[in-house]
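Down below is the structure, laid out as structure tokens.
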Amino acid sequence: MKDRERAAMQDADDLERRFLRAVRELREEVNVRIEYEYVSPSAATSEEVDLALRELDENGRLHLESALHHQFFVPREVHVLWESEGHQALGGEFQLHSTVDSASHPEYVPTDVNLKPRRQKILSELRAIDSLSQSGMGAVAGVRLSAEPPFEMWYYSKTERMFQKLNLSPSGYLETVLATKGTTGWQYLFADVDFRDSWLEEVGSNLQTMLETFPTLFPEYDYEPLRARLEARL
């Protein structure tokens with residue numbers, strides 16, 4: 001095994017352990033109620049990931065292995081839907097997909113004929129990293145694979161009628177899921193939005209609650225960068 005491949009697998013193993021720990025942290029928190037939980041029984045093999053990357057990179061120009069190999073080397077699916085017992089409106093969901101799962105299921109990213117043609121094209125180029133299928137939001141976060149690295153992250157919500165480019169990388173997305181536990185609307189902290197807009201006021205309020213409570217519940221994560229992003233959008 002090459003040193004690069006060995007390092008990628010070590011990074012992947014670490015990422016998998018961290019996500020399983022995030023699930024456990026939610027499950028063990030007395031003020032959190034788990035509504036749905038599923039973790040696929042096994043991670044993909046290195047060969048499966050390589051095959052999936054080749055399928056995604058049809059023209060051979062995206063250099064996917066160096067950019068995305070370890071970032072997606074997680075169980076085929078890690079899915080949790082939760083609600084706070086202490087704060088009625090606070091809850092969240094994440095449904096993370098591996099490279100293998102994302103490559104095999106392009107239908108995880110929906111179509112939307114109401115978008116302008118250019119944005120419909122962008123939506124069609126996404127491969128899902130994260131879905132919100134149990135909460136009824138019809139939302140998905142995906143990486144756009146049509147250009148050279150760095151790859152773009154986009155967030156689409158059918159119920160909120162939003163399609164936003166996010167100011168973070170695929171690996172940054174996964175890191176932020178770990179900290180926020182998928183708190184509803186956290187993606188807007190990395191989008192060009194204003195939480196003073198009427199439709200986002202409740203989202204902003206819930207994120208404020210998260211940032212007030214999570215540092216105590218989950219002290220190993222750094223919430224200051226997220227707090228700064230929220231304040232910049234209020």
Inset, instruction - With r as the distance between the Cβ atoms of ARG196 and GLU224 and R0 = 30 Å, compute the FRET efficiency 1/(1 + (r/R0)^6) and round to 0.05. - result: 0.85
Legend entry - Solvent-accessible ranking of ASP112, ASP222, ASP192, largest area first, probe 1.4 Å: ASP192, ASP222, ASP112
Inset, instruction - Would you calculate the separation in nanometres between label points at ASN167 and GLN88, each defined as 7 Å from the Cα along the Cα-to-beta-carbon direction? - result: 3.4 nm
Legend entry - Compactness index (Cα Rg / 2.2 N^0.38 Å), region 80-234: 1.02
Inset, instruction - Subtracting the Cα-Cα distance from 0.36 nm times the residue separation, let me have the gained length for LEU51 to GLU77 in nm, one decimal. - result: 7.6 nm
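The values are calculated or read from the model by the stated rules, or taken from the named source; none is laboratory data. Note that the coordinates shown come from a computational prediction; the quantities given were computed from them, not determined experimentally. Note that we place each Cβ from the backbone using ideal geometry, even for glycine, and neighbour counts take in every protein chain shown. Just the protein is used for accessible areas: all its heavy atoms, side chains included, with ligands, DNA and RNA removed. Shrake-Rupley method; radii C 1.70, N 1.55, O 1.52, S 1.80 Å.
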